[in-house]
Amino acid sequence: MPALLEIRGLSAGLQGRRSITQVVSHVDLDVQRGEILGVVGESGCGKSTLATAIMRLLVPPQVLQSGSMTLRLKDGKSYELLDLPEADLRQLRWRHLSYIPQGSMNSLNPVLRIERQMTDILIQHGLTREEALKRSIAALELVNLEPRLLDSYPHELSGGMRQRVIIAAAVSMRPALIVADELTTALDVVTQRQILQELAGIRDELGATILIITHDMGVVAQIADRVAVMYAGKVAELGTVNGIFESPLHPYSQGLIGSIPREGGQRVEGLPGEAPSPWNYPAGCRFHSRCPHVIDRCRAEAPALLPQGEGRWAACHLYEPEVLSNA
Amino acid sequence: MTAKIEARAGESAAEGRDAGRREVLQYALRRFGVYLFTLWAAITVAFFVFRLVPGDPMNILLGNLTRAEGRQRDKAAEEALIAHYREIFGMDDPLPLQYVNYLRKAVLGGLDLGPSFVEYPAQTKDLVFRRMPWTIGIFTTSVLLAWLVGTVLGALIGWLQRSRLSQLAVVISTLLQITPVYLVALGLIIYVGYTWRILPAGGPYARHLQPEWTWEFISSLLTHAILPMLSNMIVIGAGFTLGMRALMISVLGEDYLTFARAKGLSPFTVLKDYAFRNALIPQVTALAIIVGATLNGTFIIEVLFQLPGLGTLFVQAMGLRDFNTMQAVVLFSIFAVLTLTLIVDLALPLLDPRIRRTA
């Protein structure tokens, strides 16, 4: 079965006065129908830019450089997202492609009632007011909110409620793909847990596919089926949650997983150094300056994302056949 | 089950609306209280400031008169005259008593602000009321028009912030905004009024006409109003345009705008419901503030275009040290600014639901 969303060679950057600073470099990623794919990485690794690029919401100075993205719907139609004119894209949005933005706290217009903000897009998609209202109420119930919230203004709701309203709005048209960017970052852990459970429930109930962007390995462990680990604008490793958590291949994934606090009072091993900013990505493997297993080749040549067994990819010279055979 | 939920929802919504109405009423009452207090404080300050100005108006006024008539100064007669008038104007009473009398007459005596010194026994109130329509007609209308034009223009410039045209518009607006209003007025008078002779540039209407309900008079009135209104509008409108542009740009960076775009709403809906509506709130407040701050500019315009408004009245009164009249004009300005601010304050909760809570 073909992937729901097929991303190939996607690059995006920041337009400077003379040149473009690349933030996301040649990302290849398949989002399978019905899965929850987590994209993790440190701040500034380009994961939000990736999400915004998928949604085609980049605003200057952010620019799309190259790549292709194909959205294949169940009914057999497929769309080349990057070539779609804005008007066609609007038809696609919310009906097939929804977004749960970073900073959900401020994502609702403070001067409009929730009802207006949930139903305006439904009405624009051709529903009647009654249908739109009914759908919104149903969507609110999916995230355990009462229908009377429709009458409130955003400032009358708590942070968790606002986040739920956003999720409800995003799923109200039963879209095929939901891109959720840092959806639990501003919330306390209890609310975070509930919301993630609700989101997983929505996936099961609506059969939606969710791409979840986060810096939090805990979120990924709780909700995702597969993980893409991003480092400095590139995918470092891709695999199932179990696979990556049990035996991370890429030294960066190993570092990330090593820095999760565990039960039993073991010392947390942090990663030395800090993530490079897009203005000075190192040559060769972008991780080489922090890598404990660095070899000469890492400084000269960027590793490609290569398959490493069933459903597993890693971009690291250590796992390339000739290096393995030398060792 | 669903019906039950909906019924419950209906009830609590009604409760919420009642509570909301109470909040709005409380807000309005509080605003009105603040309004009355500010008005009183302003009147009081105005009263004492004028009384604290050194020099006795009667002395200056009558001294000028006798000197002007070229008579030999008769000290005793002059002093008797001054004493007589001081008594008429109640200027020999102690200051607190004068103040109480002034307030009492102003509030209970139907806005009796005392007679004018110069045009005695004409009431200053009548002088002000006779001039007021000119000032309101020219000044208030031009500010409102400038606000409408500036708000729409600024919203568009902000929305299209990256286009060449809107960058050019910003430069032009900035230049216009920093130009003093009298320079614009003088430029219009010189070029439009005299060099090119397109529009009349002086007086309220053509000199040979009498105020009456004829088309000739009304059209003369309107053509004479264009230049003074235009000078006011250019400068103030440029300010409103820049203000609205800045507000739009800051709103365009908000998360809720990204979300609205992500939803796939049409650009017009995003502009109307998400950007313009939110940027409008501070812009409405700005209207009240600008109205207050630009009264001075209007005085200059009235003098330049020889309009019989409050500005010219004030300038005349100042030259003759007619403190009662000056005070009446100042009082009127304070009253107008405060009332406009009150109206804007009362209108804000309609635009911004957050104000209903926090005020």
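A few notes on this one:
- Scanning the range B:42-65 for residues that are of a type outside the set (S, T, N, Q) and modelled with pLDDT of 75 or more yields a total of 10.
- When the range B:72-107 is limited to residues that are assigned to a helix (DSSP H, G or I) and of a type in the set (Gly, Ala, Ser), the one that is nearest to B:Phe50 (Cα to Cα) turns out to be B:Ala106.
- Members of the range A:67-92 found to be part of a loop (DSSP other than H, G, I, E, B), within 14 Å of another protein chain (Cβ to nearest Cβ) and of a type in the set (A, V, I, L, M, F, W, C), listed by number: A:Leu84
- Failed item in (1) more than 30 Å from A:Phe287 (Cβ to Cβ); (2) open to solvent by less than 10 Å² (accessible area, probe 1.4 Å), with A:Ala236 passing the rest: (1)
- Just so you know, in the range B:113-144 the residues that are assigned to a loop (DSSP other than H, G, I, E, B) and in contact with a strand residue (DSSP E or B) (Cβ under 9 Å, 6 or more places away or on another chain) include one that is surrounded by the fewest Cβ atoms within 10 Å (Cβ to Cβ), and it is B:Pro121.
- Single match in A:Gln91, A:Gln22 (criterion: open to solvent by 50 Å² or more (accessible area, probe 1.4 Å) and in contact with a Gly (Cβ under 6 Å, 6 or more places away or on another chain)): A:Gln22
A quick yes/no check of all residues on (1) among the polar types (S, T, N, Q); (2) in contact with a strand residue (DSSP E or B) (Cβ under 9 Å, 6 or more places away or on another chain); (3) within 19 Å of A:Asn109 (Cα to Cα):
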{"position": "A:Pro147", "(1), (2), (3)": "no, no, yes"}
{"position": "A:Met161", "(1), (2), (3)": "no, no, yes"}
{"position": "A:Ile167", "(1), (2), (3)": "no, yes, yes"}
{"position": "A:Pro175", "(1), (2), (3)": "no, yes, no"}
{"position": "A:Asp181", "(1), (2), (3)": "no, yes, yes"}
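- Any hit, the range A:116-135, residues being in a loop (DSSP other than H, G, I, E, B), more than 24 Å from B:Ala279 (Cα to Cα) and among the hydroxyl-bearing types (Ser, Thr, Tyr): yes
- Filter pass, B:Gly193 being away from every other protein chain (no Cβ under 14 Å), assigned to a helix (DSSP H, G or I) and closer than 25 Å to B:Val152 by Cβ: no
- Test: A:Leu64 is more than 11 Å from chain B (Cβ to nearest Cβ), outside any helix (DSSP H, G or I) and aliphatic (A, V, I, L, M): yes
- Of the residues making up the range A:117-131, those that are within 29 Å of the chain's Cα centre (by Cα), more than 8 Å from chain B (Cβ to nearest Cβ) and among the hydrophobic types (A, V, I, L, M, F, W, C) are A:Met118, A:Leu122, A:Ile123.
- Test: B:Arg164 is open to solvent by 60 Å² or more (accessible area, probe 1.4 Å) and either within 30 Å of B:Ser116 (Cα to Cα) or touching a Cys at 6+ places or on another chain (Cβ under 8 Å) (or both): no
- Members of the range B:66-79 that are out of contact with any helix residue (DSSP H, G or I) (no Cβ under 8 Å at 6 or more places or on another chain), of a type outside the set (Asp, Glu) and either open to solvent by 60 Å² or more (accessible area, probe 1.4 Å) or modelled with pLDDT under 65 (or both): B:Arg67, B:Ala68, B:Gly70, B:Arg71, B:Gln72, B:Lys75, B:Ala76
- Boolean, B:Gly114 is of a type in the set (Gly, Ala, Ser) and under 30 Å from B:Ala317 (Cα atoms): yes
- Within the range A:248-259, residues that are under 12 Å from A:Ala228 (Cα atoms) and free of Cβ contacts under 8 Å to residues at least 60 places away in the same chain reach partners that are open to solvent by 30 Å² or more (accessible area, probe 1.4 Å) and in a helix (DSSP H, G or I) with beta carbons closer than 8 Å, at six or more positions or on different chains, in the pairs A:Pro248/A:Gln254.
- So A:Ile114, is it in contact with a Pro (Cβ under 8 Å, 6 or more places away or on another chain) and more than 10 Å from every other protein chain (Cβ to nearest Cβ): yes
- Flag if B:Ala246 is within 11 Å of chain A (Cβ to nearest Cβ) and more than 15 Å from the chain's Cα centre (by Cα): no
- When the residues of the range A:93-109 are filtered to those that are within 17 Å of A:Ala53 (Cα to Cα) and more than 7 Å from every other protein chain (Cβ to nearest Cβ), the one that is modelled with the lowest pLDDT is A:Gln102.
- Hey, A:Gly38 surrounded by 22 or more Cβ atoms within 10 Å (Cβ to Cβ), modelled with pLDDT of 90 or more and either hydroxyl-bearing (Ser, Thr, Tyr) or farther than 26 Å from B:Leu265 by Cβ (or both) or not: yes
- Total residues in the range A:145-157, condition assigned to a loop (DSSP other than H, G, I, E, B) and either touching a residue at least 60 places away in the same chain (Cβ under 8 Å) or farther than 15 Å from A:Glu198 by Cβ (or both): 3
- Taking the range B:231-243 as the range and being over 16 Å from the mean Cα position of the chain (by Cα) and either not in a helix (DSSP H, G or I) or not β-branched (Val, Ile, Thr) (or both) as the test, the residues that pass are B:Ala238, B:Leu242, B:Gly243.
- For the residues A:Ile178, A:Ile213, the requirement of being touching an Asp or Glu at 6+ places or on another chain (Cβ under 6 Å) and crowded, with 19+ Cβ neighbours inside 10 Å singles out A:Ile213.
- Once the range A:273-308 is narrowed to residues that are free of Cβ contacts under 8 Å to residues at least 24 places away in the same chain and more than 30 Å from A:Gly16 (Cα to Cα), the residue that is farthest from the chain's Cα centre (by Cα) is A:Asp296.
- Identity of the residue in the range B:313-350, farther than 30 Å from B:Val118 by Cβ and surrounded by fewer than 16 Cβ atoms within 10 Å (Cβ to Cβ), that ends up farthest from the other protein chains (Cβ to nearest Cβ): B:Ile343
- Residue in the range B:283-302 that is open to solvent by 20 Å² or more (accessible area, probe 1.4 Å), farther than 30 Å from B:Val128 by Cα and within 14 Å of another protein chain (Cβ to nearest Cβ) present: no
- Helices (runs of 4 or more DSSP H) contained entirely in the range A:241-327, each with at least 1 residues that are under 23 Å from A:Glu35 (Cα atoms): A:241-246, A:251-258
The values are calculated or read from the model by the stated rules, or taken from the named source; none is laboratory data. Since this is a predicted model, take the numbers as computed values, not measurements. Ideal geometry is used to build each Cβ from the backbone, glycine not excepted, and the neighbour counts take in all protein chains shown. To get the accessible areas, we keep the full protein, side chains included, count just its heavy atoms, and leave off ligands, DNA and RNA. Shrake-Rupley method; radii C 1.70, N 1.55, O 1.52, S 1.80 Å.
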